[in-house]
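Just so it is clear, none of the values below were taken in a lab; they were calculated from the coordinates. It should be emphasised that the depicted structure is a prediction, and the values quoted were computed from it without experimental measurement. Here the Cβ positions follow ideal geometry from the backbone for every residue, glycine too, while neighbour counts run over all protein chains shown.
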């Protein structure tokens, strides 16, 4: 057969594992996989010696639009995604105004149209229950709710997005269960967290380690148990956002609930920052820096399936935002940009023996696509979108913050040397990034509607 493009001579990571295969693309879709040398095409891409991955799907990004474009927007955030091998993102609703109703959802969808270099979906907020169905019909990939509240007046989420109580949470779960729509939950015990922060602040304790630990009090486990019980009682599909923002005991608590029949999944980002890194980074590493033993526990859970998928919680803040923590570490906003460095960190973990290539693809592509109902995404298989990433396993990468594309302009991983290198990213068969740079041309990312809402 003849195709538009043929990726020849590489090792493709398929749902069943690695295989030497040529991958043919026709009309932006994978049209065939075959033994090397058996297919032809108008254009041939030589990927000998390379690993061919499906494009990563990051279901937890904050591209800050509308309302906080000084931190990020879809054009800059999606450029970072493309250069990091992420071909699909799902953006969270904690913008200004927060996306809590159909008109706001439609306005955000229309605002970012034509500006994204990668395909994208949008989460809706979940506190206005009468609006949920309309936002689902407009294409929301799921509903995001917060059990915490802001510690700072200028945080990019508001009390509008925070659950007012357990009764509302259960009502939300029942409503979403009827549509089998996932609900992503930021689990927290806000009262305990605020009390601990106030005590430490009053005592003059200003170590960034304590800021990270303040998010992971035992009250989070109690809150998690309440979420899991509500999920069990309603049949809702519940997704635990950034499970690593809880004590490590949460891993087994989530796994036990899953084994008992609760429809629960969990995510975390690459646990690649250690508390010792905070001696150098300070607030730039907050909140996802861990004691070494905890980091190992998260890596183990990613490897064995107790954590289902990788999502970055890409949370760009300007250096000026973070500089608020120079005098008062508690005043800096949490989070850091991660969408461009996540897949390179995961490739490094594979080459270090922490994960297999097949598990990498499940964590970064297949499982995220399933969570949000993104048909045609997340796998190298016939009929899927030709979203592909070329990896040179014999090369190395040194993260250089000056070359990254987030408007934030910095990275906690600046200077980190990683095994492997992403050499090209393709969206529906079209090359959109090469060697860490976006290729010229208008953004071609499409708004994605979850399967079932088409």
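Worth pointing out:
- Normalised radius of gyration (Cα atoms, divided by 2.2 N^0.38 Å) for the range 303-454: 1.15.
- The range 323-368 and the range 269-306: distance between their alpha carbon centers, rounded to Å: 9
- Potential lengthening of the chain between residue 323 and residue 229 amounts to 29.8 nm, from the contour at 0.36 nm per residue minus the alpha-carbon distance.
- Across the range 206-271, Cα-Cα distances exceeding 13 Å account for 63% of all pairs.
- Here each label is just a point 7 Å from Cα along the line to Cβ, and for residue 447 and residue 111 those points are 1.3 nm apart.
- Rel. contact order, % - alpha carbon contacts under 8 angstrom, at least six apart, the chain: 22
- Cβ-based exposure ranking for 396, 5, 312, in which fewest neighbours within 10 Å come first: 396, 5, 312
- Grouping the Cα pair distances of the range 71-152 into 5 Å bins from zero gives a pair-distance distribution of 3, 15, 25, 23, 17, 12, 5, 0 percent in increasing distance order.
- Whole-angstrom gap from the range 386-404 to the range 69-144, using each part's C-alpha centre: 26
- Convex hull volume per residue in cubic angstrom - Cα atoms of the chain: 126
- Ranking of 57, 329 by count of other Cβ atoms within 10 Å, fewest first: 329, 57
- Against the chain, whose longest principal axis is taken from its Cα atoms, helix 249-259 shows a tilt of about 60°.
- Crossing angle, helix 102-112 versus the chain [Cα axis fit, 0-90 degrees, rounded to tens]: 50
- Whole-angstrom gap from the range 193-234 to the range 410-454, using each part's C-alpha centre: 34
- Coordinate range along principal axes, alpha carbons of the range 1-155, Å, largest first: 59, 30, 29
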